[in-house]
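The values are calculated or read from the model by the stated rules, or taken from the named source; none is laboratory data. Remember, it's a predicted structure, so these values are computed and weren't measured experimentally. Positions of Cβ are backbone-derived with ideal geometry, glycine not excepted, and every protein chain shown enters the neighbour counts. The protein model used for the area step is the full one, side chains on, heavy atoms only, and it has no ligands, DNA or RNA in it. Shrake-Rupley method; radii C 1.70, N 1.55, O 1.52, S 1.80 Å.
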Amino acid sequence: LYSNLTACQALGNMCVMNMNSLSSSSTDACGLFQYIYVSTARLGTVHSIPYWRHNLPWLYYGDQPGLASRVLEANNFPTIFSFKGTVKDVKLEFIAASFDAAGNFLKWQSLEGGILQLCPDTQTKLNAAYTFGTTYQQSCKISVSKILLDFANPIFYDLFLEYNGDNGQQYLWAVPVLNLNLQYSEMFVNQGNNMNNWLLTRRFFLVDALSGKENDLGKPPRVIRIASKITISIRLVSHTQRGTIYPPLITIAYTDVLVQNPETQSVMVSFSVNYEMNQSEAQIQTDITLGVLGGLAVLWSLLKTAGWKRRTGSSIIDLQTVLKFLLFYAGDLANVFFIITVGTGIYWLVFFKAQQFVSVLLPLPSQEEDFVTYIACAFSLKTLHFLQLLVSQLTIDIFFIDWERPKGKVLKAVEGEGVVKSAAAPVSIWRTYFIANEWNEIQTVRKLNPLFQVLAVLFFLEVVGFSNLALMDSSSSLTRSSESYIAPWSRILRFGVSAALWLAIAALQIIFFSVFYERFVEDKLSQFVDLCCMSNISVFLLSYNCFGYYIHGRSVHGHADTNMEEMNMNLKREAENLCSQRGLLPNTDGQTFQISISRRMRLHYDRIHETLTRKRGPARLLDSSANTFEQSTRAYNTMNKFLSSFIDHVHKEIDYIVKDKLLLERILGMEFMEPIDKSIFYNDEGHSFSDVLYYGNETTLLIFDFLFFSVVDLASQSFVLAAILTYLQQEIFRFIRNTLGQKNLASKTLVDERFLI
């Protein structure tokens with residue numbers, strides 16, 4: 001009736017202290033305010049805003065269905081923001097009009113003063129909350145006594161965002177408030193908590209220590225109401241390339257505290273500024289990629305299973321075949337998840353940190369759950385794949401074929417007869433022991449140095465400062481000052497930074513070792529092949545029932561048990577091409593082969609092998625029985641004679657041919673021709689026998705190590721702990737591979753384990 005602005009402001013403040021209740025009772029402040037609001041429609045509106053009456057505070061936006069979504073999304077905020085522009089482009093200029101409880105206007109206040117942040121902090125860190133693109137989080141416990149001291153009288157705020165128009169004029173944009181205490185009332189819970197049902201308000205307070213007082217104003221209030229959680233949400237407009245945002249939204253949750261002992265009581269409060277964008281399109285693209293690559297993984301696993309069936313010499317689809325397919329699919333699906341997660345992490349790292357005009361914003365922590373799930377799936381499946389690989393390498397069949405023949409005869413006393421007879425001179429076993437030791441040493445050789453890999457990644461992350469790129473802020477600097485605000489970590493960025501470094505350092509290591517080190521310093525696999533040839537020993541490997549590898553080590557000089565002078569003469573003759581070439585076929589150098597043996601050949605091999613492995617080798621040579629020792633020796637000699645004669649084409653019924661693999665066979669890693677009558681030796685231009693060693697499975701090991709590193713880091717948020725545990729894991733599995741591999745080597749070749757050092 002009297003249009004008393006101050007009194008109407010006081011009435012509005014009472015309604016705000018009552019959580020903007022929707023009561024229609026005239027004895028309720030909000031009910032009375034609504035009555036006056038309806039009755040004064042003739043007074044007109046302020047600034048053409050339909051919810052703002054003359055001489056009344058602006059408390060509500062209205063309760064029409066869908067109004068909240070129109071307010072928050074119908075119009076874009078009329079200015080653009082960037083990460084690397086002027087102060088006006090990178091700062092959110094929030095300004096608040098403040099009122100006391102009696103309705104008196106106090107002043108305009110910039111939020112950069114930290115007026116909404118109840119937790120004490122330095123001015124620099126408080127002001128960082130309004131740097132565009134910097135996710136800000138602050139939480140602490142505040143004693144009730146301090147709250148009563150600092151907020152004896154409530155202050156009410158109307159929040160605006162300041163911007164410059166095209167004409168240079170300054171404008172204010174009203175920031176809506178989402179009061180969660182109002183939204184969670186019975187009326188709105190029944191309607192469902194979605195944007196269309198939100199009731200947006202305008203005015204808010206931080207602490208209400210007034211309405212909880214009794215008649216005696218000298219006493220502390222019985223109850224105080226505190227804004228325990230304040231969140232300012234900035235949402236990027238979809239498909240923008242110039243940093244356009246929707247109007248900001250401030251969300252507030254209040255907590256009522258029953259005052260009993262103010263000195264000992266405390267309350268947890270938090271303040272945050274979040275930046276978000278619609279991630280549905282990115283999720284759809286990820287799902288499509290996962291579906292396509294997952295389907296290709298099924299086909300690839302089927303091809304692997306078909307190749308495995310061919311190599312095992314079986315044509316029946318049984319339970320073992322299904323299990324093998326699932327193991328192949330686990331490894332391939334792990335690679336799919338790895339590709340998706342690495343691609344996603346590096347995408348967000350590059351496009352978020354490198355942008356000037358903002359076009360993308362990071363997913364919120366709640367939106368990262370699918371990404372973390374993908375990493376967990378990749379790690380679990382890759383662990384299964386790695387363990388299956390480990391088991392397969394620890395169960396291979398291997399035998400060293402000794403080509404050395406006796407040189408002359410020796411006199412030997414016949415036990416029990418008292419006579420001396422001439423016999424063939426024994427062939428030294430030390431060359432076989434030597435080759436067995438060299439094979440034992442290269443079992444866990446890798447294409448890179450795993451310790452250097454871990455230390456280099458940790459160095460770049462923690463010392464150089466690449467870890468700072470994983471902070472949820474707009475800065476792409478590798479350093480942060482101790483006085484500046486440190487934004488929270490982004491799990492996607494942590495994964496992206498560590499993935500980029502891990503893969504880059506691994507690639508550099510592999511290039512260095514393959515291009516320089518192995519060519520000019522030391523190539524352990526090539527040295528092993530050369531050593532086999534100089535020792536006159538071939539290596540026969542079967543990784544599957546009917547598939548394996550052959551290293552032809554037959555000496556071109558006839559003998560390897562020679563003195564130093566003759567050995568040097570042999571090397572000189574070979575260097576001057578005065579002897580034949582080392583290859584299995586005449587006038588060739590091919591010494592390594594992939595072999596696909598016939599079932600008949602496998603039966604012959606198994607028949608001798610059963611005798612060879614019936615006794616695993618004596619634990620103590622001196623205590624072993626003569627029978628067992630003689631039986632094992634006889635079986636060893638039989639196997640050596642059988643395999644050497646097989647290589648020499650003696651057995652026509654189990655003969656073999658040598659041929660090149662087709663290009664498609666090399667690409668698919670399988671053989672099209674089944675060895676029915678004759679075994680097939682495929683020329684191997686490289687060292688494919690490394691497939692039964694760590695060396696030939698570097699990709700699997702590299703991915704497994706990185707996923708282990710990432711899982712530990714995501715769980716602990718510590719690169720240092722992740723590096724330490726990754727190195728320990730590498731050493732543990734290397735020890736297991738060496739120990740069990742040595743036992744398998746001793747049992748399959750009859751080389752006593754005591755000679756494997």
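Here are a few things to note about the model shown:
- Scanning region 742-754 for residues that are outside any helix (DSSP H, G or I) and surrounded by fewer than 21 Cβ atoms within 10 Å (Cβ to Cβ) yields one hit, ASP752.
Rundown of residues vs (1) over 20 Å from GLY331 (Cα atoms); (2) touching a strand residue (DSSP E or B) at 6+ places or on another chain (Cβ under 7 Å); (3) modelled with pLDDT under 65; (4) not aromatic (Phe, Trp, Tyr), yes/no style:
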| site | (1), (2), (3), (4) |
| --- | --- |
| PHE386 | no, no, no, no |
| LEU389 | no, no, no, yes |
| GLN393 | no, no, no, yes |
| PHE399 | yes, yes, no, no |
| ASP402 | yes, yes, no, yes |
| LYS407 | yes, no, no, yes |
| LYS412 | yes, yes, yes, yes |
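- Listed conditions (1) open to solvent by less than 70 Å² (accessible area, probe 1.4 Å); (2) not in a helix (DSSP H, G or I) are all met by ILE757, apart from (1).
- Taken over region 271-287, the criterion of being open to solvent by 70 Å² or more (accessible area, probe 1.4 Å) and either hydroxyl-bearing (Ser, Thr, Tyr) or part of a helix (DSSP H, G or I) (or both) is satisfied by GLU281, ILE284, GLN285, ASP287.
- Reported count of residues in region 164-179, each being at pLDDT 90 or above and in contact with a Ser or Thr (Cβ under 8 Å, 6 or more places away or on another chain), is 4.
- Selection from region 640-678 of residues that are under 42 Å from the mean Cα position of the chain (by Cα) and assigned to a helix (DSSP H, G or I): LEU663, LEU664, GLU665, ARG666, ILE667, LEU668
- All conditions in (1) open to solvent by 60 Å² or more (accessible area, probe 1.4 Å); (2) within 21 Å of the chain's Cα centre (by Cα) hold for GLY465, with the sole exception of (1).
- Within region 594-609, residues that are over 13 Å from THR312 (Cβ atoms) reach partners that are open to solvent by 30 Å² or more (accessible area, probe 1.4 Å) and of a type in the set (S, T, N, Q) with beta carbons closer than 6 Å, at six or more positions or on different chains, in the pairs ILE608/THR638.
- Residue in region 679-687 that is in a helix (DSSP H, G or I) and open to solvent by less than 60 Å² (accessible area, probe 1.4 Å) present: no
- Among the residues of region 355-376, those identified as among the hydrophobic types (A, V, I, L, M, F, W, C) and not in a helix (DSSP H, G or I) are PHE357, VAL358, VAL360, LEU361, LEU362, LEU364.
- Across region 217-270, the number of residues qualifying as open to solvent by 60 Å² or more (accessible area, probe 1.4 Å) and in a strand (DSSP E or B) comes to 5.
- When ARG480, ARG582 are checked against the criterion of being of a type in the set (Lys, Arg), closer than 26 Å to ILE654 by Cα and free of Cβ contacts under 8 Å to residues at least 60 places away in the same chain, a single residue qualifies: ARG582.
- Tally of residues being within 16 Å of PRO247 (Cβ to Cβ), part of a loop (DSSP other than H, G, I, E, B) and open to solvent by 20 Å² or more (accessible area, probe 1.4 Å) across region 69-86: 5
- Filtering region 54-68 for residues that are small (Gly, Ala, Ser), touching a Lys or Arg at 6+ places or on another chain (Cβ under 9 Å) and part of a helix (DSSP H, G or I) leaves an empty set.
- Residues located in region 423-453, provided they are in contact (Cβ under 8 Å) with a residue 40 or more places away in the chain and among the aromatic types (Phe, Trp, Tyr): TYR433, PHE434, TRP439, PHE452
- Residue within region 317-331 that is open to solvent by 30 Å² or more (accessible area, probe 1.4 Å), at pLDDT 95 or above and within 26 Å of ARG494 (Cβ to Cβ) present: no
The rows are residues; the columns are (1) more than 27 Å from THR341 (Cβ to Cβ); (2) open to solvent by 40 Å² or more (accessible area, probe 1.4 Å); (3) more than 13 Å from the chain's Cα centre (by Cα).
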| residue | (1), (2), (3) |
| --- | --- |
| SER481 | yes, yes, yes |
| ALA487 | no, no, yes |
| ARG494 | no, no, no |
| ALA499 | no, no, no |
| ALA504 | no, yes, yes |
| ALA507 | no, yes, yes |
| ARG519 | yes, yes, yes |
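- At least 1 residues being closer than 24 Å to ILE234 by Cα and of a type in the set (Asp, Glu) is the threshold, and among the strands (runs of 3 or more DSSP E) wholly inside region 88-184 those reaching it are 155-164.
- Those residues of region 288-305 which are open to solvent by 30 Å² or more (accessible area, probe 1.4 Å) and in contact with a helix residue (DSSP H, G or I) (Cβ under 9 Å, 6 or more places away or on another chain), in sequence order: THR289, LEU290, LEU293, LEU296, VAL298, TRP300, LEU302, LEU303, LYS304
- Exactly one residue out of ALA456, ALA499, ALA504 is without any contact (Cβ under 8 Å) to a residue 24 or more places away in the chain, closer than 30 Å to ALA722 by Cα and either touching a Pro at 6+ places or on another chain (Cβ under 9 Å) or not in a loop (DSSP other than H, G, I, E, B) (or both), and it is ALA504.
- Residues that are modelled with pLDDT under 90 and among the basic types (Lys, Arg), drawn from region 197-221: LYS213, LYS219
- For region 38-68, a tally of residues being more than 54 Å from the chain's Cα centre (by Cα), buried (at least 19 other Cβ atoms within 10 Å of the Cβ) and not aliphatic (A, V, I, L, M) returns 1.
- Whichever residue in region 563-603 is among the basic types (Lys, Arg) and assigned to a helix (DSSP H, G or I) and, among such residues, is least open to solvent (accessible area, probe 1.4 Å): ARG602
- Of the criteria (1) in contact (Cβ under 8 Å) with a residue 24 or more places away in the chain; (2) open to solvent by 30 Å² or more (accessible area, probe 1.4 Å); (3) not in a helix (DSSP H, G or I), which one GLY553 fails: (2)
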